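Asks: One structure, pasted below without further comment.
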Amino acid sequence: MEKVKTILLIEDSPGDVRLTREAFRDTEDVLRLHVAVDGVEAVSFLRREGVHGDAPRPDLILLDLNLPRMDGRQVLSVIKQDDDLKTIPTVILTTSEREADIEAVYQLRANCYLTKPVEFDAFESLVKTISVFWLTMVRLPSQQRTRCE
Amino acid sequence: MNRIVLLVEDSPGDVRLTREAFRDADPEIDLRVAVDGVEAMAYLRQEGIHADAQRPDFILLDLNLPKMDGREVLAHIKEDDDLKTIPTVILTTSDAEADIVTSYKLQANCYLSKPVQLEEFESLVKSINDFWLTRVKLPQQALGN
């Protein structure tokens, strides 16, 4: 009876997308993973524009920082300045360990910042930890779209 | 470096449970407690007897508090350019959807409800420690002096 949760992964590296999918494999009956490969696609998915007219509202967003076309910091600003989207928890998942990046994304209201481990096992374990914590422990806002389309 | 956690909680029972659960999870955690919203803000702004208070790495905030409630504390934290980057997690008995949405709108980093059962409470504190204080990268910034 568990409600299916939707995650939007915004990630341009096909390898990392694949690893994330594999890490979520065990939970696929309660979880739908959607992927946007750059910032422009992510924003049109979230705003249900063009081919994303029927896109579901994600319960959780996993956002890489370095992305083509529109980078992760810009995507984060768009999300957190939009009254409809700002309540969706947005987790930064990136290779950068730079203190300036960490500080900047908390300023931009990221919900949390995680660095991608290089080792596959560690990466898989991190993705599982994220999904267990955010999708089973945290109370998320219920799915409501308030915007008129 | 020891992590400093500011727990903003008026229930002595919950303070005690949280302290014990953190001690089990990681004895190095330095837990500071503010028992109402006014004290929490004085601590964070280093006012009065809190002039030497150290900046917390992480804040656990109850919603229903005397003097100044948790929603107001959250709003103050997230409107303050110096304090807004401190991850602030709501930990409350409220399950009301209105409280959940309001907290996220006010930029709470996440919202958790307090389990009633002791063992579940301990397990939640352990998960908070494992996730927020172990996995998550927290900003390093020290309090502006």
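Quick note: the coordinates plus some simple rules give every number you see, no bench work behind them. Computed from a predicted model, the values in this text were never measured in an experiment. As a convention, Cβ positions derive from the backbone with ideal geometry for all residues, glycine included, and neighbour counts pool all protein chains shown.
Asks: Peptide A:108-118: average number of partner chain Cβ atoms within 10 Å per residue?
Replies: Per-residue shielding by partner chains comes out at 4.
Asks: Give me the base-10 log of I(q)/I(0) for the protein assembly as shown at each q in 0.12 Å⁻¹, Debye formula, one uniform scatterer per Cα, rounded to two decimals.
Replies: So the normalised log intensities work out to -0.77.
Asks: Got the relative contact order for chain B handy, in percent, Cα pairs under 8 Å and 6 or more residues apart?
Replies: This gives 24 percent for chain B.
Asks: Hey, could you get me the Stokes-Einstein D for region B:28-145, Kirkwood radius over alpha-carbon pairs, 20 °C and 1.002 mPa s, rounded to whole µm² s⁻¹?
Replies: Approximately 144 µm²/s, per Stokes-Einstein.
Asks: At q = 0.15, 0.17, 0.20 Å⁻¹, what is the log10 ratio I(q)/I(0) for chain A, with the Debye formula run over Cα points and no solvent?
Replies: The Debye formula, applied to the Cα set alone, gives -0.74, -0.98, -1.40.
Asks: Determine the alpha carbon to alpha carbon distance for each of A:Lys86/B:Lys126; A:Lys86/B:Lys78; A:Lys80/B:Lys84; B:Lys78/B:Lys137; A:Lys128/B:Lys137; A:Lys80/B:Lys67 and list only those over 22 Å.
Replies: A:Lys86/B:Lys126; A:Lys80/B:Lys67
Asks: Pairs of alpha-carbon atoms within less than 8 angstrom and 6+ residues apart define the contacts here; what relative contact order does chain A have, in percent? Mind showing how you got there, number by number?
Replies: On the way: 210 pairs, mean separation 34.5, N = 149.
Worked out over chain A, it gives 23 percent.
Asks: Regarding region B:1-94, what are the three Cα extents along the principal axes, ordered largest first, in Å?
Replies: 33, 32, 24
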